[in-house]
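One structure is given here, and the rest of the page talks about it.
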Amino acid sequence: DKGYRVCLVEGREHLGGRLCAPAFDGGPPVDAVPPILWGGHQETRTLFTLLGSQQRVHFPHSLHHTFALPAGRVVALPRLWGPASVRGPATIAGFSGISMRDRMRLMNVLERFWEQDLSLPTDLDERPVTELFDLTSQSESAVRQVWTPLSRFLLGDDPSKVSAALGAGSLRALLFGSRRNNAIGLLTGGMAETLLHPAEAHLRRSGADIRLGKPATRLLTQKDQVMGVTLQGGEPLSADWYLAALGPDALAALLPDRWLAKYASFQSLTEWDWSPRVTLRLESRGKGTKPWLRLLATGSYDWAVGIGGGKTQWPTMEIWLIAAGQSALLKRSDADLREAAVKDLQGLVPSCQPDHIQQHRVFRSERATPALRPGTRRLRATPQSPVANLFVAGAWTDTGLPASVESAVLSGRRCAEAVEEVHSSRVDKAPGAH
Ligand SMILES: Cc1cc2nc3c(=O)[nH]c(=O)nc-3n(C[C@H](O)[C@H](O)[C@H](O)COP(=O)(O)OP(=O)(O)OC[C@H]3O[C@@H](n4cnc5c(N)ncnc54)[C@H](O)[C@@H]3O)c2cc1C
């Protein structure tokens, strides 16, 4: 849109990265993520507007952070209006998913944070989220039934493995963010129709040259500059600016050894660990329901989303169950995972009986998201790499967000702005510029 000529190189045969997976029947790729837009995803919403797909996003009242607790209790996080300073404490006070004692303890510590109590830890990035639970003296049941599934939902991993700074940031956004910002969106047509196809169409309309099925194999470099990139099959490409939107390991594989040895930020690309995820998508003949989201206090999965069926625009009921950060589930067979899903849904979706399930698909990934462990903030790359004409984007880069779609979109915008900034400063310095 700013007049640059863009060539986009994708190693796979289709765009969409981890958001989609190959179809079993050889058809177009299918979504590997549920058709929802998590609360707080403002960058992604802005992108939908730019792509003209915002009308595909709805914010049903029934789709909300709701906990399925033992003994069939279902408790939603209150959704309140009003200024953040009132809304945050009122949300905690009104949330009956944890005991009044747990709520009071949580509020006491929040108050101490506001008052900048010097005895509170300042190095949250070096500590795991579980230390926040200790700090706020949460009971064992609150941790197990509420904070653990919520952490896995917001952060994509077990709270013992994610940095407390990231956990505190996500919780703050959830409790203190505006009601509008925290609304969870339902994507008609899923990520494919809302994001991927419109983005590809937009790029093609803008004249972008899209090379699919052509992984980059090597960066051609000279001193501290990228001179070109070689694609599989040997084809070289050259440009003024290079934007790498790859995982950290894939980027490290393209860099020359001398850069990996010379620059700390390139060296750290090899230090990343990954969080696993199992996603199960079920199609059921059950009665139609309003869309729902449940964070699961017990069972194998951490959270589940259900949409459609009956007379809604979805002909069958679609249920997605997600387990984040649980490596043990990766080894279980599809049939086993389906059985575990039916068990988790018992009591939650009475119409989801085993004989109602028409189809299911398991998406297993040992390396679903880069693990944002305590102390990994320093590994997250800034858009401008140490090499002047190489920029870095991706969900794992330094956005301050969990490694999500939102983080990937935000990093892309920041990267484009960084190129624009460097380009404008060069134009300003060019002979004859005013
Ligand atoms: C099963 C699963 C479920 C998930 N669910 C959710 C969810 O519900 N919500 C959410 O927000 N996030 C979810 N995520 C995470 C989300 O998919 C990622 O955060 C997001 O896709 C990251 O985007 P990215 O552009 O940083 O990286 P990627 O999506 O990994 O994209 C990188 C791209 O680079 C390409 N590539 C790699 N090497 C090369 C090369 N040498 N040459 C050319 N191309 C190359 C890859 O093929 C890929 O297309 C899920 C992930 C998985 C695996």
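So which GluC sites (Glu not before Pro) in the stretch 97-150 are both in a DSSP loop and have at most 12 other Cβ atoms within 10 Å of their Cβ?
E115
Shown in residue order for the stretch 185-194 are the 3J(HN,Hα) couplings computed by the Karplus curve 6.51 cos²θ - 1.76 cosθ + 1.60 at θ = phi - 60°: x, 10, 9, 5, x, x, 4, 4, 7, 8 Hz (x for Gly and Pro).
Using the Karplus relation 6.51 cos²θ - 1.76 cosθ + 1.60 with θ = phi - 60°, the per-residue 3J(HN,Hα) values for the stretch 386-402 come to x, 9, 4, 9, 10, 10, 10, 10, x, 4, 7, 7, 7, 9, x, 10, x Hz, with x marking Gly and Pro. Between amide H atoms placed 1.01 Å from N, distances below 5 Å from H64 occur with L293, all of them 5 or more places distant or on a separate chain.
When each of the peptides 56-63, 271-278, 327-334 is scored by the mean number of other C-beta atoms lying within 10 Å of its residues, the order from highest to lowest reads 271-278, 56-63, 327-334.
Shown for the stretch 66-176 is the translational diffusion coefficient from the Stokes-Einstein equation, using the Kirkwood radius over Cα pairs, a temperature of 25 °C and a viscosity of 0.890 mPa s: 171 µm²/s. Ordering A216, L410, H64 by Cα displacement along the dipole of the chain toward the positive end leaves H64 in first place; charges were set at the Cβ atoms of Lys, Arg (+1) and Asp, Glu (-1).
Close amide H pairs (under 5 Å, H built 1.01 Å from N) link L220 with M227, G228, V229, T230, residues at least 5 positions away or on another chain. A cut-off of 5 Å between modelled amide H atoms, ignoring neighbours fewer than 5 places along the same chain, links W303 with L296, I322. About the centre of its Cα atoms, the stretch 115-222 shows a dipole size close to 800 debye [charges on the beta carbon of Lys, Arg (+1) and Asp, Glu (-1) only; nearest 20 debye].
GluC sites (Glu not before Pro), restricted to the stretch 1-66: which are DSSP loop and have at most 14 other Cβ atoms within 10 Å?
Taking the stretch 1-66 and a limit of 14 other Cβ atoms within 10 Å, the loop GluC sites (Glu not before Pro) found are E13.
Straight-line reach from K429: taking Cα to Cα under 19 Å and skipping same-chain neighbours fewer than 8 places apart, the aspartates and glutamates in range are D240, E417, E420, E421.
Placing a label point 7 Å from the Cα of E417 along the Cα-to-Cβ direction, the residues of the stretch 379-398 with a backbone N closer than 15 Å are 382-384, 392-394, 398.
In whole percent, how big is the carbon plus sulfur part of the accessible area of the stretch 77-235, probe 1.4 Å, protein atoms only? Result for the stretch 77-235: 55 percent of the exposed heavy-atom area is carbon or sulfur. With a simple spin-label model that places each label point 7 Å from the Cα along the Cα-to-Cβ direction, the separation between A93 and D123 comes to 3.6 nm.
Could you please report the charge total around L203, scoring K, R as +1 and D, E as -1 over all other residues with beta-carbon less than 13 angstrom from its beta-carbon?
Numbers: positive: R5, R204, R205, R211; negative: D1, E10, E200, D209.
So the surrounding residues net to 0.
Tell me what the chain gives for mean residue ellipticity at 222 nm when only DSSP H runs of n ≥ 4 count, each as -39,500 (n - 2.57), the sum divided by the residue total, rounded to 500 deg cm²/dmol.
The helix-only estimate for the chain comes to -8500 deg cm²/dmol at 222 nm.
If you roll a 1.4 angstrom probe over the protein chains with everything in place, what fraction of the accessible area of the stretch 274-370 belongs to carbon and sulfur, to the nearest %? Roughly 47 percent, rounded to a whole number. Find the centroid of the Cα atoms in the stretch 373-428 and in the stretch 134-204, then give the distance between the two in whole Å. Each part's Cα centre sits 21 Å from the other's.
Once you compute Rg and the Kirkwood Rh from C-alpha atoms, what is the Rg to Rh ratio for the chain? Radius of gyration over Kirkwood radius for the chain works out to 0.98.
Fully extending the segment from Q346 to E115 would add 78.6 nm, taking 0.36 nm per residue of separation and subtracting the current Cα-Cα distance. Projecting the Cα positions of S300, T230, S284 onto the charge dipole of the stretch 218-300 (unit charges on Cβ atoms of Lys, Arg, Asp and Glu, taken about the Cα centre) puts S284 furthest along the positive direction. Comparing D125, D25, D224 in a Gaussian network model of the chain, where Cα atoms under 10 Å apart are tied by springs, the biggest mean-square fluctuation is seen for D25.
If r is the Cβ-Cβ distance from K290 to K262 and R0 is 60 Å, what FRET efficiency results, to the nearest 0.05? Provide the component values of the computation, followed by the final result.
On the way: r = 56 Å, r/R0 = 0.94.
Taking R0 as 60 Å, the efficiency between K290 and K262 is 0.60.
The values are calculated or read from the model by the stated rules, or taken from the named source; none is laboratory data. Quantities reported herein were computed from a predicted structural model and do not represent experimental measurements. Ideal geometry is used to build each Cβ from the backbone, glycine not excepted, and the neighbour counts take in all protein chains shown. Heads up: the accessible areas ignore ligands, DNA and RNA and are worked out on the full protein's heavy atoms, side chains in. Shrake-Rupley method; radii C 1.70, N 1.55, O 1.52, S 1.80 Å.
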